[in-house]
1. Quantify, in whole percent, the carbon and sulfur part of the accessible surface of region 371-427 (1.4 Å probe; protein heavy atoms only).
2. Counting only heavy atoms of protein chains, what accessible area per residue, in Å², does region 362-454 have with a probe of 1.4 Å?
3. Carbon and sulfur together cover what percent of the accessible area of region 1198-1323 at a 1.4 Å probe radius?
4. To the nearest Å, what is the center-to-center distance of region 714-783 and region 895-933, using C-alpha atoms only?
5. From zero up to wherever the largest Cα-Cα distance of region 1029-1094 sits, split into 10 Å bins and tell me the percent of pairs in each.
6. Ignoring ligands, DNA and RNA, please state the percent of accessible area on region 668-755 from carbon and sulfur, probe 1.4 Å.
7. Taking 32 Å as the cut-off for C-alpha to C-alpha distance, list the pairs among Lys1095/Lys1135; Lys120/Lys914; Lys595/Lys914; Lys518/Lys1296; Lys732/Lys1458 that go past it.
8. Specify whether the C-alpha gyration tensor of region 1134-1212 places it in the rounded, prolate or oblate class, a ≥ b ≥ c being the square roots of the eigenvalues: rounded for a/c under 1.5, otherwise prolate if a/b is larger than b/c and oblate if not.
Amino acid sequence: MAAERGGCSLEAVPLPPEVRESLAELELELSEGDITQKGYEKKRAKLLARYIPLIQGVDPSLQAENRVPGSSQATAAVSKQQKSRSTNSRDERFRSDVHTEAVQAALAKYKERKMPMPSKRRSVLVHSSVETYTPPDTSSASEDEGSLRRQGRITSTPFQSHSNVEPWLNRVIQGSSTSSSASSTSSHPGGKPAAASNTATATAAATVLADLMAHTQLDNHSAPPDVTTGLVEHLHHERPQVASVRGVPRGYHSSILETADGVPVNSRVSSKIQQLLNTLKRPKRPPLKEFFVDDFEELLEVQQPDPNQPKPEGNQMNVLKGEPLGVVTNWPPSLLAALQCWGTTQPKAPCLTALDTTGKAIYTLTYGKLWSRSLKLAYTLLNKLTTKSEPLLKPGDRVALVFPNSDPVMFMVAFYGCLLAELIPVPIEVPLTRKDAGSQQIGFLLGSCGVTLALTTDACQKGLPKAQTGEVVTFKGWPRLIWFVIDGKHLAKPTKDWHPQVRDASAEIAYIEYKTSKEGSTVGITISHASMLAHCHALTQACGYSEAETLTNVLDFKRDAGLWHGVLTSVMNRMHVISIPYALMKVNPLSWIQKVCLYKARVAVVKSRDMHWSLLAQRDQRDVSLSSLRMLIVADGANPWSISSCDAFLNVFQSRGLRPEVICPCASSSEALTVAIRRPPELGGPPPGKAVLSMNCLSFGVIRVDTEEKLSVLTVQDVGQIMPGANVCVVKVDGTPYLCKADEVGEICVNSGATGMAYFGLLGITKNVFEAIPVTAAGVPVSDQPFTRTGLLGFVGPDYLVFVVGKLDGLITVSGRRHNADDVVATALAVEPMKFVYRGRIAVFSVTVLHDDRIVLVAEQRPDASEEDSFQWMSRVLQAIDSIHQVGVYCLALVPANTLPKAPLGGIHISETKQRFLEGALHPCNVLMCPHTCVTNLPKPRQKQPDVGPASMIVGNLVAGKRIAQASGRDVTQLEDNDQARKFLYLADVLQWRAQTTPDHPLFLLLNSKGTVASTASCIQLHKRAERVAVALIEKGRLNVGDHVALVYPPGVDLIATFYGCLYAGCIPITVRPPHPQNLATTLPTVKMIVEVSKSACILTTQAIMKLLKSKEAATAVDIKTWPTILDTDDMPKKKLASIFRPTSPDMLAYLDFSVSTTGILAGVKMSHAATSALCRSIKLQCELYPSRQIAICLDPYCGLGFALWCLCSVYSGHQSILVPPLELESNVSLWLSAVSQYKVRVTFCSYSVMEMCTKGLGTQTDNLRMKGVNLSCVRTCMVVAEERPRITLTQSFSKLFKDLGLSARAVSTTFGCRVNVAICLQGTAGPDPTTVYVDMRALRHDRVRLVERGSPHSLPLMESGKIWVSSPHNATGYYTVYGEEALHADHFTARLSFGDTQTVWARTGYLGFLRRTELTDASGERHDALYVVGSLDETLELRGMRYHPIDIETSVIRAHKSIAECAVFTWTNLLVVVVELEGSEQEALDLVALVTNVVLEEHYLIVGVVVIVDPGVIPINSRGEKQRMHLRDGFLADQLDPIYVAYNM
């Protein structure tokens, strides 16, 4: 690296051993947390000062960077100790790790970028870790990734400018000339950087993101730039200008910003969103050439292979043949024969020594004892266990072996006892709790193997969780087991005549080893007696094992290399095994080295983790010697990162007798057993190899050797030669197993007598894995023998050495490029390792979202890491992975310490972690999602099509509409004699007429929350009250005809009486919802606004509300001095009105209907007398209302259809209305339904919010209601009044729930009205049932309707909103606004069609929907047209050129997790914001971020910009039960939601 940069020539100086030792101790102190980072650097700088010459010059390109990655250069240079490489000398790098330097260099390259940090409510921060005490193993790497042994630290040299320790977000690079100051700092070891001057510029250049993003492969079309050179050159030519971004450094909460529309916004949230937008500004893309013509097929983009990507060029490889298995004359015919031989001829020879957690030897099992105990056990199992006088077991049955890692002796007895009894042992982990990670899957394995008996020890059995009966509980997913304890006292002595049959090794199953796959499913791999014997033979030959050798085993003896070397091959050769339990390693990581020294062991079997741990505990290493070792077998040598552990270990222990050639990495897999192992030199193996490979080429499956100076390289060591007696080839990973070329990475396949046979009980995948037939390019099979796929990815290097670069299990394929999970983990760790997260507690896996793998990285956060630090670490990890692997991370999550599921022997249980992530059960404390960066296969955005009329669809360019979509309702005029219609033209006349003809006919009945009648009104009573009001208006209020009057009343008879009083006096009434006394601040301004906008000259109200309007509290919300005259109507004089006002023409204004739309717009609709009576007439006909009828209304009486039903219809039609104010349901949910039942109502109206209250509040109480005699069989029609698309699920669950109370399934239907036309359709009583259709959601986005079958993907059910029944005599006549926005008005009320009949005047509703001629006929025998409402035009979101209905996105989101109670979406400057109400504990909040993002991507092809998680009830809902998304949006931008968490997706 130094050489490439052209400035720094460094002579490397070998460090003397004592300096090395002190350094190592320092390193340990730092990792244990005994000293601070600063202290560490000071001491370290002192130690190294003599050995490192100063940097002479610095390359100008780096000066331009403003920050010298000194560390990386220096260490790289030091590490290049130019030794000629003799066969045995390994690289003498002092524990530095090329990769860490690469990552640091890559990060230094990045201009500091600023991302909006998520905001979090304080209470969520107090996520304390599950146990604050973290046992030493948490700093370990996981069991299965021996990966993370990277010792390098970010601050690995004194040249590091200390600014690294400061949070990087504060230093923002400015493209000015302040860059020279930084370069000088690097030459003074430990000097404080002069670059501190940057703080001034930090605030000035807030964010330089736009140009930075140009280098982060967002543009999915271009080839990834060569990170190593491209950026530097670019910096030479020009300093990128600071983008003119109005970002603001955090901390300046309220700086004024402008949104994209240039509107100044003043809040923290909006500045963050602005930051996010700036971050997401992409490099300009060339305009897309063609857009969709076919609107329905939104094709996901398929990643086109890059024509310049590396391709393999070598010759096709040949099958590699291992050396022949030697013929040994006295080789035993089976493993049991060997045991019998040693047990009888050498009974005193030691076989196995077990240690306790202090490292003391507690028991040594001799070969004699092993033989005699195994015999006893075999006899007992076959003869003494019975069920119903039948023997419990017969030969060939499977038996579970449940033994703790600390008891190898008992395990060995059990294993050989089963073999002797011809039973098949299935060794598994000890289940500790009922919810152990992965133990359910183990249960499935036991079930599928038909296991009924589990063998265990007394101590272990006592520790298992018990049921009340005292028996061991049945674990989740496990079959019922009989637990048998095999301690001596439970075993019977075999009778004299009983002898087991010791047969020759056959193809019968010997044992089953379990393996957990990437997806988390557990399979059992069967190994035959013959394979077991052949494998022991091959290992003995490859490792040169001899009789009575001593071996220390640190691995799990139940499976894999621990079992093969420590239990099977050892017995074959009468070796003595010292078994080191995991618990002892946790307490004393040096124990295995001490035991090697103590027992003069010749061989040790370890994982790279064990080597790494022993380096951390160097204090006690002084007196150990490893000179007795002839082989140190590294069982996970196939892991790409084991090389750094091997190098570091050798560096430290070479001085203690460890010879370099002793280290023997090996590669193995559960299916193929040992695949390759490096031979010790005395067996004549070739010298060890090392390959430095280009990571980019590897991702395309091509091997290209690179230099260590490059940033993105992978250094791997060989795993030796293939096993004796085996044939090996490398085949393509996907599809037919074609042989790979010599320079191509593929899956290693083995054909030998020593591999597994099958997956137990799974024929399909067995054939695929154990019976692969590799073929040449021409398709010719390479052999007549089947090969076993190993699941290892690698290639064969020079000297026929095998190299492994990854595992299939850890393979992540992102848009055609392959990445290895372990490599990604390694890169993440190289970013300030150990500072924020625990070293071995990182999981990387992929989830499929939108047809591609997406990388997810989950790590455990240290309890002391601050929010800010963690977020910075996450941002740096993203950059590092982007630089080194050229791949984006989809989601990065940090969880509290000790909360990730653990694998049995330390490490993270990856598949279980993935499962929890997908189920939303990880409970992270920090999340960063980057869908904008990662998801590059979205369909292209769509261009608007030219307008084509309704009911037409574009097919190519042809318009294929059948007819103009016009539907006529019933013609109102012909149904009644016109005299009556004329007589009933003015409602005031109707009331007077009723008061004369039927004075005592009851019109209204108001119920209170107890269900008792609060007040009633007959025709005459209503008329008289109206007269009094009119007198008061004229006399007290001094109002003239045509003045506007605001009626501010709670729902009740007063409201109706004052309405008619206004009509009597010739005033124009406006009904207004009264302010809420507990919530004046938000409700009173609306009242004030309506009063002002409607130009009301007077307010009529009750005494209580009048006091409220003039109160002190009210004064804080509005200006109370500007109220018009306020009259209370509580006690008015009984005066008779001189004359009742009579309008001069039916087109005069009758009343104003004011409502706030869901988009937050207040609008008043002018209703003329003609329109009012037409509306009443239509409702009367459609609902068949006559004076003898009773209807129940549970709606608010202030606007729309609710107002019409309360105030107009009863007077017009003469029926009796039972009024149930929805507010009363809050204290008595069953009020409405009880009233319906009590009064035997045939027709009732409600709103969705009422229906929802009943469904949620009465769900469990239907039986109680039935007991109370509630019966709904009287209901013929229950109409939901809505201004939105019918909510099918709600109406269906309502119908189902109350079916038990006699509610007919046909009764529930919806009406649809809007402000322009209060009731466009009502489900009538005479019409056919409402129908439901399924439409394609994707087509809707293009404003097209395509009907699909139920259940097809992307289908959306729509329920008919009713029959359309007016051309429109009762359309309102216009909007009433102060500002005279006539354009808006004209647009809505006087629209004419641009084709067809251009004369008729139509009113636009502002709703999207479609008509469909149905097969059903209505009462008059004609087929009727059904109207389907899709949604409000105002509400729709235009994103990526398509139209989305918020309700569709919300429905998907609510389904994503059980804790999501409600959801609302809106857009803000083209970003989709999703607000989610969390019904559950706050720790679930962050689980939702990824689930919400996933579901919206999958189902709607949209990327969520911001996810806001709030408490239940935060999303505002209006009285009609509709979400007020715009209010929510304003609240969010003004920072008023108090969210639990806000995540800004990158």
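1. It is 50 percent, rounded to a whole number.
2. I get 36 Å² per residue for this part.
3. Solvent-exposed carbon and sulfur of region 1198-1323 make up 51 percent of the total.
4. Going from one Cα centre to the other spans 33 Å.
5. 22, 46, 28, 4
6. On region 668-755, the fraction of accessible area on carbon and sulfur atoms equals 50 percent.
7. Those over the limit are Lys595/Lys914; Lys518/Lys1296; Lys732/Lys1458.
8. Note, shape of region 1134-1212 comes out oblate.
The values are calculated or read from the model by the stated rules, or taken from the named source; none is laboratory data. Just so we're clear, the structure is a prediction, and the values are computed from it rather than from any experiment. For the accessible areas, the whole protein counts, side chains as well, though only heavy atoms, and no ligand, DNA or RNA atoms are used. Shrake-Rupley method; radii C 1.70, N 1.55, O 1.52, S 1.80 Å.
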